[in-house]
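Colleague: My questions all concern the structure below.
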Amino acid sequence: MGCVLRLSELKLPLDHGSADMEAAICRRLNLLPEALGSYRLVKRSVDARRRDAISLVYSLDLELQLDPGQLRRLLRRFEGDPHLRPAPDSRYRLVARSVGPLGGPRPVVVGAGPCGYFAALLLAQMGLNPLLLERGKAVKERSADTFGFWRNQSPFNPESNAQFGEGGAGTFSDGKLYSQVSESEALIRKVLEELVAAGANPEILSLHRPHIGTFKLATVVRGLRRRIEALGGEVRFGARLEQLELDPHSRAVRGLHLADGSWIAADQVVLAIGHSARDTFAMLRQQGVAMESKPFAVGLRIEHPQPMIDQARWGAAAGHPLLGAAEYKLVHHCAKTAGTIARSAWSFCMCPGGLVVGASSEPGGVVTNGMSQHSRNERNANSALVVNVERQDLDSWGSEPGDPLAGVAFQRHWERCAFLAGGSDYRAPAQWVDDFLAGRASQSTTEAGVKPSYQPGIRLGSLDSCLPNWVLETLRQALPAFERRIPGFCGEGVLLTGVETRTSSPLRIQRDQIHLESLNTPGLHPAGEGGGHAGGILSAAIDGIRVAEALALKRLHLQHPGAPSEFACDPA
């Protein structure tokens, strides 16, 4: 009879075939070849701890042809081995297949980034016909505005740029689909499968560190929009939220006022506005929605020739087609001195074979970000090098003690400083790493090293006016430590470009842990990166799913008062 087991940590040489895989499985489990019915790839990663013996590491679901007695003996033999266990059921189950309308207004989702799109998709799949509002443009028009700005062919558009528009900030990025925190396997699988159904490469289902890439992301978000619309949902662009309409007694949401003067009835709103919707943050603060400041990070982008990173990571295997462009992850913890905040510097949003791009969302500010296509075949590698910003750092930046918008003021100030240092024309200030470490301004280009990729262009000089001294000094301490990890990291022709300020939201719109609803504004569900509840495409999408589930459960319990929570579970 057949049974399915999950085998993990199966290592094979870089160059191997299917016969080698089958032999390794049988050898690992001490099975005869005829007992292995079939296997399915679950995950593939790279073990490069020894550059002279790089291996591929697999997780596989095995269908074994064993009778019950043979299976019991096999499981007994591997009892306590975490790398062999029954394959988990990773299927996602909707909390309800058809909630149906209650006669009131349909749910509204604000923001068409990964959180908003997945919230709307789940609500549509449960029959709730959501309305999705996006302040920016559809991805095709948005891409024309953004690339036009980068190429100095179009003026900066504060409503259509690398931050605002269909797909959210992640559309112009590497499209990374992994998280630093543990997430439900079923939720991860749900996100990845929906992305594949919308046009992503199926390889994201099995790669350890999957990514989509910028151009492919544009296709995927259009695919998500079509799926939502086909299920009865509606998507509107150019629909910026201007104000909430709240019940004067309960503060419950009753409607939304948009910037074009229109009004929409709403009593369930998913607020998935992204980490750069500063005008919306200010409006919510003015209306008394509960929020608080939170830590984030700021820093600079660093660029290296991609072959240098490949060689440091892969050694003689650099260029192997199964490895692709190499990544890195670095962190340095600085020694804490008396009376100071403990500082760390780390790499963030590393984009192999990518570009440094402009990510401004307000006039008169320069913001950098990294972007890669699916192929990751550009000449440079880039990463943000960032330093932690704690709440104590923001005490002098708010309009009052504990001002939740203090982080916004902090970010905006340094973005304007970078704008001035770059020449006040959206070029970014830049400095060669050796000059940065020596404390001297950079004067000219060099034949060695990288060709700067930043669009709309750079202006060489000093970065000292672009960030607080404690950020600059932390980076100056960390860079030599990174050089010890990756020889050449601080070498000639390595470029720093400023500034990176949008690593995450500088505030959290508070919500309860059960209904995922605002602490003081019933019907409002803060979600995703902008709400301070996620970081990155995957975790934002998962948060959108969770909030959609909370809304659906609330509707079900309104239809069936007193029903137990498990009432809503879909048995399929």
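The values are calculated or read from the model by the stated rules, or taken from the named source; none is laboratory data. For clarity, every value in this text was computed on a predicted model and none was experimentally measured. Neighbour counts are summed over all protein chains in view; Cβ atoms, including those assigned to glycine, are modelled from backbone coordinates with ideal geometry. Accessible surface areas use protein heavy atoms only, side chains included; no ligands, DNA or RNA. Shrake-Rupley method; radii C 1.70, N 1.55, O 1.52, S 1.80 Å.
Colleague: Which of the following residues is surrounded by fewer than 19 Cβ atoms within 10 Å (Cβ to Cβ), among the hydrophobic types (A, V, I, L, M, F, W, C) and at pLDDT 95 or above: Leu558, Leu519?
Modeller: Numbers: Leu558 fails: at pLDDT 95 or above.
After ruling out the rest, the residue left standing is Leu519.
Colleague: From the list Leu36, Leu31, exactly one residue is under 27 Å from Leu192 (Cβ atoms), surrounded by 15 or more Cβ atoms within 10 Å (Cβ to Cβ) and touching a residue at least 24 places away in the same chain (Cβ under 8 Å). Which is it?
Modeller: Working: Leu31 fails: under 27 Å from Leu192 (Cβ atoms).
One residue alone meets the criteria, Leu36.
Colleague: What pairs can you find where one residue is in the stretch 387-401 and more than 24 Å from Lys336 (Cα to Cα), the other is modelled with pLDDT of 95 or more, and their Cβ atoms are less than 7 Å apart, with a gap of 6+ or different chains?
Modeller: Pairs that qualify, where the first residue is more than 24 Å from Lys336 (Cα to Cα) and the partner is modelled with pLDDT of 95 or more, are Gly398/Leu405; Gly398/Ala406; Gly398/Ala409.
Colleague: Mind counting the residues in the stretch 463-516 that are open to solvent by 30 Å² or more (accessible area, probe 1.4 Å), assigned to a loop (DSSP other than H, G, I, E, B) and under 30 Å from Lys554 (Cβ atoms)? Before the answer, list the steps.
Modeller: Initial filter on the stretch 463-516 (open to solvent by 30 Å² or more (accessible area, probe 1.4 Å)): 464-465, 469-470, 473, 476-477, 480, 483-485, 487, 492, 508, 510-515.
Okay, now just the ones that are also assigned to a loop (DSSP other than H, G, I, E, B), so 464-465, 487, 492, 510, 512-515.
Okay, now just the ones that are also under 30 Å from Lys554 (Cβ atoms), so 510, 512-515.
Total satisfying the criteria: 5.
Colleague: Quick check on my filter: what residues within the stretch 195-241 are closer than 18 Å to Ile542 by Cα, of a type outside the set (A, V, I, L, M, F, W, C), buried (at least 20 other Cβ atoms within 10 Å of the Cβ) and modelled with pLDDT of 95 or more?
Modeller: Arg225, the sole residue that qualifies.
Colleague: Here are the criteria: (1) under 18 Å from the mean Cα position of the chain (by Cα); (2) at pLDDT below 95; (3) open to solvent by less than 10 Å² (accessible area, probe 1.4 Å). Tell me which single one Gly535 does not satisfy.
Modeller: (3)
Colleague: Restricting to the stretch 149-167, give me the number of residues that are assigned to a loop (DSSP other than H, G, I, E, B) and either of a type in the set (S, T, N, Q) or more than 16 Å from Ala239 (Cβ to Cβ) (or both).
Modeller: 11
Colleague: Scanning the stretch 32-71 for residues that are of a type in the set (A, V, I, L, M) and over 33 Å from the mean Cα position of the chain (by Cα), which turns out farthest from Arg6 (Cα to Cα)? Walk me through how you get there before you give the answer.
Modeller: Filtering the stretch 32-71 for residues of a type in the set (A, V, I, L, M) gives 32, 35-36, 41-42, 46, 48, 53-54, 56-57, 60, 62, 64, 66, 71.
Then drop every residue that is not over 33 Å from the mean Cα position of the chain (by Cα), which leaves 32, 35-36, 64, 66, 71.
Values: Leu32: 18, Ala35: 15, Leu36: 13, Leu64: 11, Leu66: 15, Leu71: 13 Å.
By that ranking, first place goes to Leu32.
Colleague: Same structure, new question: Could you count how many residues in the stretch 468-504 are farther than 21 Å from Gly315 by Cβ and not aliphatic (A, V, I, L, M)?
Modeller: Residues of the stretch 468-504 farther than 21 Å from Gly315 by Cβ: 468-481, 492-493, 495-504.
Still in the list and also not aliphatic (A, V, I, L, M): 468-470, 473-474, 476-477, 480, 492-493, 497-498, 500-504.
Going through the stretch 468-504 one residue at a time, the tally reaches 17.
Colleague: Something else about it: Take the conditions part of a helix (DSSP H, G or I), hydrophobic (A, V, I, L, M, F, W, C), closer than 20 Å to Ala124 by Cα and free of Cβ contacts under 8 Å to residues at least 60 places away in the same chain and apply them to Val191. Does it pass?
Modeller: Values: part of a helix (DSSP H, G or I): yes; hydrophobic (A, V, I, L, M, F, W, C): yes; closer than 20 Å to Ala124 by Cα: yes; free of Cβ contacts under 8 Å to residues at least 60 places away in the same chain: no.
Criteria not met by Val191.
Colleague: Of all residues in the stretch 112-130, which are over 12 Å from Ala534 (Cβ atoms) and crowded, with 24+ Cβ neighbours inside 10 Å?
Modeller: Passing the criteria: Ala112, Tyr117, Ala120, Leu121, Leu122, Leu123, Met126, Leu128, Pro130.
Colleague: Is it the case that some residue within the stretch 39-49 is in contact (Cβ under 8 Å) with a residue 24 or more places away in the chain and either farther than 17 Å from Ser206 by Cβ or open to solvent by 70 Å² or more (accessible area, probe 1.4 Å) (or both)? Show your work before the answer.
Modeller: Going through the stretch 39-49, the residues in contact (Cβ under 8 Å) with a residue 24 or more places away in the chain turn out to be 39, 41-48.
If we keep only those that are either farther than 17 Å from Ser206 by Cβ or open to solvent by 70 Å² or more (accessible area, probe 1.4 Å) (or both) as well, we get 39, 48.
Among the residues of the stretch 39-49, at least one is in contact (Cβ under 8 Å) with a residue 24 or more places away in the chain and either farther than 17 Å from Ser206 by Cβ or open to solvent by 70 Å² or more (accessible area, probe 1.4 Å) (or both), which makes the answer yes.
Colleague: I need a count of the residues in the stretch 448-477 that are modelled with pLDDT under 95 and of a type in the set (Val, Ile, Thr).
Modeller: Total satisfying the criteria: 1.
Colleague: Next question. Return the residue satisfying two criteria in turn: it lies in the stretch 279-296 and is surrounded by 20 or more Cβ atoms within 10 Å (Cβ to Cβ) and within 25 Å of the chain's Cα centre (by Cα), and of such residues it is nearest to Phe237 (Cα to Cα).
Modeller: Pass one, the stretch 279-296, residues surrounded by 20 or more Cβ atoms within 10 Å (Cβ to Cβ): 280-281, 284, 289, 291, 293, 296.
Next, from what is left, pick out any that are within 25 Å of the chain's Cα centre (by Cα): 280-281, 284, 291, 293, 296.
Values: Thr280: 16, Phe281: 20, Leu284: 21, Met291: 27, Ser293: 29, Phe296: 30 Å.
Among those residues, the one meeting the criterion is Thr280.
Colleague: May I pose another question? So Gly528 clears everything in (1) in contact with a helix residue (DSSP H, G or I) (Cβ under 6 Å, 6 or more places away or on another chain); (2) assigned to a strand (DSSP E or B) except one condition, right? Which one?
Modeller: (2)
Colleague: Six or more apart or on different chains, Cβ atoms under 8 Å: show the pairs whose first residue is in the stretch 294-323 and under 30 Å from Gln392 (Cα atoms) and modelled with pLDDT of 95 or more and whose second is assigned to a strand (DSSP E or B) and among the charged types (D, E, K, R).
Modeller: Cβ pairs passing all conditions: Lys294/Arg508; Val298/Glu500; Gly299/Glu500; Leu300/Glu500; Arg301/Glu500.
Colleague: Take the stretch 249-274 and flag every residue that is open to solvent by 50 Å² or more (accessible area, probe 1.4 Å) and assigned to a strand (DSSP E or B).
Modeller: Result: Arg254, His257, Trp263.
Colleague: Still on this structure: Within the stretch 146-186, take every residue that is buried (at least 21 other Cβ atoms within 10 Å of the Cβ) and acidic (Asp, Glu) and give me the one that is modelled with the highest pLDDT.
Modeller: Among those residues, the one meeting the criterion is Glu166.
Colleague: Among what's in the stretch 212-245 and is polar (S, T, N, Q) and touching a residue at least 24 places away in the same chain (Cβ under 8 Å), pick the residue that is farthest from Phe118 (Cα to Cα). Reasoning before the result, please.
Modeller: Within the stretch 212-245, the first condition is being polar (S, T, N, Q), and the residues that meet it are 214, 219, 243.
Add one more test, that the residue is touching a residue at least 24 places away in the same chain (Cβ under 8 Å), and what stays is 214, 243.
Values: Thr214: 18, Gln243: 24 Å.
Ranking the qualifying residues of the stretch 212-245, first place goes to Gln243.
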